1. So how strong a dipole does the chain carry about its Cα centre when Lys and Arg Cβ are +1 and Asp and Glu Cβ are -1, to the nearest 20 debye?
2. How are the C-alpha pair distances of the chain spread across 10 Å bins, as whole percents from the shortest bin up?
3. For the range 112-182, what are the per-bin percents of Cα-Cα distances with bins 5 Å wide, up to the bin holding the maximum?
4. Tell me which aspartates and glutamates have Cα within less than 14 Å of Lys49's Cα, excluding those fewer than 8 residues away on the same chain?
5. Could you state the principal axis extents of the C-alpha atoms in the range 56-110, from the largest down, to the nearest angstrom?
6. Of the accessible area of the chain, with the probe set at 1.4 angstrom, what percent is carbon plus sulfur?
7. Round to the nearest 10 and report in Å² the accessible area of Arg228, as given by a 1.4 Å probe over the protein chains' heavy atoms.
8. Determine the percent antiparallel among the DSSP beta bridges restricted to the chain, to the nearest 5.
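The values are calculated or read from the model by the stated rules, or taken from the named source; none is laboratory data. Just so we're clear, the structure is a prediction, and the values are computed from it rather than from any experiment. Note that each Cβ is placed from the backbone with ideal geometry, even for glycine, and that neighbours are counted across all protein chains shown. Please note that ligands, DNA and RNA were not included when accessible areas were found on the heavy atoms of the full protein model with its side chains. Shrake-Rupley method; radii C 1.70, N 1.55, O 1.52, S 1.80 Å.
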Amino acid sequence: MAIRPFELERYFAEHEFSAKYLLGSSDPEAMSVEDLLVFEPGAESGLKKIWLGYTESLGDPALRRDIAALYESVTPEQVLVFTGAEEPIFAFMHAVLEPGDHIVVHFPGYQSHYSVAESRGIEVSHWHGDPLQNWAPDLSELPKLIKPNTKALLICTPHNPTGYLFDRAAWQHVIEIARQHNLYLFCDEVYRGLEHDPTDRLPHLADHYEKGVSLNCLSKNCGLAGLRIGWIATKDRHIYNRLAMFKDYLTICNCAPGEYLAGIAVRNIGKIFEQQRLRLVRNLDLLEDFFKRHEALFSWQRPRAGTVTFPGYLAGSALEFCNKLVTEAGIMLIPGTFFDMSGEYLRFGYGRATFAEVLNRLDEYLSV
Ligand SMILES: Cc1ncc(COP(=O)(O)O)c(C=O)c1O
């Protein structure tokens, strides 16, 4: 089956660099190279000396050591560095799964979590988050979705687009279900680190499940999407080797300056998380006031983590509203249509430094 266009990315391609105000983006405020270099004395001269030959295909050994140190028990040999988080999702769907397999995917979700699999003839079932329960999926539904050919569960937490974060007990329950059925559990953890209350942070899956795959990158948690550095951590040797083999057909190896700069970010990740978290919580307080003022237009519950939230839109077609908004006011929001939602929803992103100003513009637009 031919792969479907990535609807969300197509919409970004149309508007991200022409709309005046971005209000739907999932990446928080970004940093400059200069901002990053100040974290470590000597980093600037190190950057100038980077050798621009090919890099090691599994990732720079020093970077893999720094990444492994973020986990409780993952070793550098269990870390595989990729170009962003998108590449390892694609690699997992091609190198670990086979046509005829079945996977259960947390839904609504990031489209590559299911479209890549579908394009390979892999059967996909959706495990739905419930908008009336602040997007919590029903744990009792999960075992009912498992079939004899189910090979993997794919969960995203903190979640895009809803901001849903599992609590510890529910997350442990998901791991137990995967273990009972001998399934791979792929957890997209790219928003991890942005829990609004840091005590809500879940352990990394790779530390706690032998068939678990933790996906991460620096795009969402640090605002470093332009580095294009992501990684997989897994203790499952079969998955690791399959992914490493498949990467030879994708990017082969990573960008050398990207890996160098990523090392600085990883070694200082706690400070970067905190900068981002403070902005997110401040912006979310503004958004909470906004939704209180516009109860007739939006239904909303406050998320506990991440950079995005997914309110219901109560005044007609979310797609039409977004198209009008970007044309008439230059404000870009994301309609739920691009997450394959049949109901009317909008994705707001609240991680940017300009958030207050853009929200004011939306307020003005709605009051005319
Ligand atoms: C849940 C999720 N996973 C993966 C990605 C891809 O991340 P990257 O841009 O680092 O490839 C995104 C990007 O929006 C995302 O939201």
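1. 420
2. Here the calculated profile for the chain is 5, 24, 33, 26, 10, 1.
3. Once binned at 5 Å, the Cα pair distances of the range 112-182 give 3, 13, 26, 25, 20, 10, 2.
4. Glu259
5. Principal axes ranked by extent give 38, 23, 19 Å for the Cα atoms.
6. For the chain, the apolar C and S fraction of the accessible surface comes to 54 percent.
7. The accessible area of Arg228 comes to roughly 100 Å².
8. Of all bridge pairs located within the chain, approximately 50 percent are antiparallel.
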